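The values are calculated or read from the model by the stated rules, or taken from the named source; none is laboratory data. Just so it is clear, the model here is predicted, and its values are computed rather than measured. As a convention, Cβ positions derive from the backbone with ideal geometry for all residues, glycine included, and neighbour counts pool all protein chains shown. To get the accessible areas, we keep the full protein, side chains included, count just its heavy atoms, and leave off ligands, DNA and RNA. Shrake-Rupley method; radii C 1.70, N 1.55, O 1.52, S 1.80 Å.
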Amino acid sequence: MPNKNSDWGWDMGSQVISRRDFLKVAGFGSAALLLGRPLEAIGLGSPNRSPLPSFAPDAEISLTATDTRMQILPGAQTRVYSYEGQLLSGSGVTVQAVPGSYLGPILRVKSGTKLRIYFHNNLIEDSVIHPHGLRVPEDCDGHPMQAIGPGETKVYEFEVIDRAGPYWFHPHPMGRTAEQVVMGLAGLFNVWDPEEEQAVPGASTGANDLPVIIQDRNFDSSNQFLYNPNMMWGYLGNRILVNGTPNAVFSLEPRAYRLRFLNGSNARTYKLAWSNNMPLKVIGTDGGLLAVAVSRDYVMLMPGERVDVWADFSALAGQQVILRSLAFEAGGMGMMGGMGGMAMMGGMGMMGGMGGMGGMGMMGGMGGFAVGAAFDILTVNVGNKASVKPVLGPLPALSVRYDAGNVPNYTTPRPFTLEMGHMMAWTLNGRVFEMEAVAEDEKVNRDETMAWEWINNSPIPHPMHMHNVQFQVVQRTAPASSSYATVNQGFVDTGWKDTVLVWPGERVKVAMKFGPHTGMYMYHCHILEHEDMTMMRNYMIMDTAMPGM
């Protein structure tokens, strides 16, 4: 039965709202008025528009955000936003389209390459690109204040200083990130280096790589993307797309492949597993290869997270196997304090009855799969003959492992609470996003090693993402909830990460070293609707030599 909340006057279980109302409820009443205007016009920064003569790139790339149409479903074509990529000059980079997809391109870049990217905005609204997971100068990170207007160009110039890893890029404009991603803006940025080449056959060329970008979408009766987010959980679709294709089928040889999984969804969490119970052999996470491969019966993947899986189909010649998302319980913290007067019941059961969902009946807009539902993602048809037989080599050791011996504040990490305040405003330490604000506990020094702790006091999980840093998960403090046992065997915490799942009631401690770049960067929940709804903050990496710091 629908629940009317007397304070807010809307049906929390099924409410679908317009973007204008979404922004109002999120506390963006004034920000909404700024959409469509170049941010520098209101004094919030000026994006780079011309190449710097002092920067000598090894390669130059053009990335253009376009408004076009693609055949996704039978019948009418779907209007999409898409990045078109082109290598203009130089070496150390390849630009590869994802065949038949509006997603992409795949940039494959050698670590150490000095890269110049011309981002052309051919949309009818402001946009900016965020190179997710990479450590880049402040003006190349894609802060909303760096967004450019229609017909404008922004120049990115940076050296790729990160180790080999499955990074990616997507838009980050104020209040419009979520819908622009739904429309199709996302691409892969795979960095390789000689160390990775020794471990993974074909790493430099992607010879054995298969991108697996998982997203969920809703379509209207005319085959157009329907953006209908739910206020609590974000945007949840009723069709699963892989690399932009519904009902995806891979026809593979009976041999090993490197599957590069990206959860490119706005809000949906996946519990990945094979239909034949074959374990997933994880060789890498957000920030690159693990020191030792880990085997999991299933792997949890929240929005923004990546895992690299070494999948050997040699024993499945002539057979079929399906990649699925298994059922799990979502939420389940019981009565919540600090919820702006809103009593959230265990497992969100007050939202509506969904049998077999652990009391969790929260739907994403109009008819999306419920959170925690089971469904198929990808069908793999395995052939009878292999042309090559790649063998995984030794994985490289991590450069450092953080613990109490090398993290000064290991036992007293900086706390960051994840909560919901009044008017459904998601908060970090009780704060909402302010374009240029940085609080005292959001300041760090360059080259400083530090521990932060995410403390989830909300009834739903959050994927917490930090810009310009790769961290290690050094401790999880499990919550007292039955739902946790349905997911916690799927965490892979032994490598470098930039996005981490924080379950309701859980405390997750991460450790990292800041730098080498200084400036203002961001941290936020990577449920994109939460990000657009103010669950995002700045943090400042300071140079201790700077006066007044």
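Structure values in brief
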| read-out | value |
| --- | --- |
| Pairs with Cβ under 8 Å, 6+ apart, first in segment 481-497 and in a loop (DSSP other than H, G, I, E, B), second open to solvent by 50 Å² or more (accessible area, probe 1.4 Å) and among the hydrophobic types (A, V, I, L, M, F, W, C) | S481/M333; T494/V292 |
| Scope segment 242-294; condition under 30 Å from N218 (Cβ atoms) and among the polar types (S, T, N, Q); matching residues | N243, T245, N247, S251, N263, S265, N266, T269, S275, T285 |
| R537 touching a Leu at 6+ places or on another chain (Cβ under 9 Å) and of a type in the set (D, E, K, R) | yes |
| Among (1) modelled with pLDDT of 95 or more; (2) small (G, A, S); (3) out of contact with any His (no Cβ under 7 Å at 6 or more places or on another chain) - the single one G304 does not satisfy | (3) |
| Number of the exception - V95 against (1) open to solvent by less than 10 Å² (accessible area, probe 1.4 Å); (2) over 21 Å from E179 (Cβ atoms); (3) touching a Leu at 6+ places or on another chain (Cβ under 7 Å) | (1) |
| Hey, K271 in contact with a helix residue (DSSP H, G or I) (Cβ under 8 Å, 6 or more places away or on another chain), part of a strand (DSSP E or B) and touching a residue at least 24 places away in the same chain (Cβ under 8 Å) or not | yes |
| Single match in Y156, Y118 (criterion: assigned to a strand (DSSP E or B), among the aromatic types (F, W, Y) and open to solvent by 30 Å² or more (accessible area, probe 1.4 Å)) | Y118 |
| Some residue of segment 243-253 being of a type in the set (S, T, Y) and open to solvent by less than 20 Å² (accessible area, probe 1.4 Å) | no |
| Residues of segment 123-153 satisfying the condition of being closer than 17 Å to V469 by Cα, of a type in the set (A, V, I, L, M, F, W, C) and either modelled with pLDDT under 95 or in a loop (DSSP other than H, G, I, E, B) (or both) | L134, V136 |
| When residues of segment 52-87 are limited to those that are closer than 28 Å to G112 by Cβ, at pLDDT 95 or above and open to solvent by 50 Å² or more (accessible area, probe 1.4 Å), the one farthest from the chain's Cα centre (by Cα) | A56 |
| Filter result for the condition that a residue is open to solvent by 40 Å² or more (accessible area, probe 1.4 Å), under 20 Å from G234 (Cα atoms), charged (D, E, K, R) and touching a Ser or Thr at 6+ places or on another chain (Cβ under 9 Å), over R507, R446, R431 | R431 |
| Candidate set from segment 276-310 (those that are in contact (Cβ under 8 Å) with a residue 60 or more places away in the chain and assigned to a loop (DSSP other than H, G, I, E, B)); member that is most open to solvent (accessible area, probe 1.4 Å) | D297 |
| Residue in segment 451-465 that is at pLDDT 95 or above and farther than 17 Å from L418 by Cβ present | no |
| Within segment 504-544, tally of residues that are part of a loop (DSSP other than H, G, I, E, B), under 28 Å from L289 (Cα atoms) and in contact with a Gly (Cβ under 9 Å, 6 or more places away or on another chain) | 2 |
| Residues satisfying the stated conditions in segment 199-240, i.e. part of a loop (DSSP other than H, G, I, E, B) and on the phi > 0 side of the Ramachandran plot | G202, G206, N223 |
| Residues of segment 62-71 classified as within 23 Å of D220 (Cα to Cα) and in contact with a Leu (Cβ under 8 Å, 6 or more places away or on another chain), total | 2 |
| Qualifying residue in segment 457-472 (condition: of a type in the set (A, V, I, L, M) and open to solvent by 10 Å² or more (accessible area, probe 1.4 Å)) | no |
| Test: residue in segment 164-177 that is modelled with pLDDT of 95 or more, charged (D, E, K, R) and touching a strand residue (DSSP E or B) at 6+ places or on another chain (Cβ under 7 Å) | no |
| Subset of segment 215-236 (residues that are of a type in the set (G, A, S) and either surrounded by fewer than 19 Cβ atoms within 10 Å (Cβ to Cβ) or over 23 Å from G187 (Cβ atoms) (or both)) | S221, S222 |
| Residue check, D376 without any contact (Cβ under 8 Å) to a residue 60 or more places away in the chain, surrounded by fewer than 20 Cβ atoms within 10 Å (Cβ to Cβ) and of a type in the set (D, E, K, R) | no |
| Selection from segment 98-115 of residues that are part of a loop (DSSP other than H, G, I, E, B) and open to solvent by 50 Å² or more (accessible area, probe 1.4 Å) | P99, G100 |
| Subset of segment 441-480 (residues that are small (G, A, S), in contact (Cβ under 8 Å) with a residue 40 or more places away in the chain and out of contact with any Phe, Trp or Tyr (no Cβ under 6 Å at 6 or more places or on another chain)) | S458 |
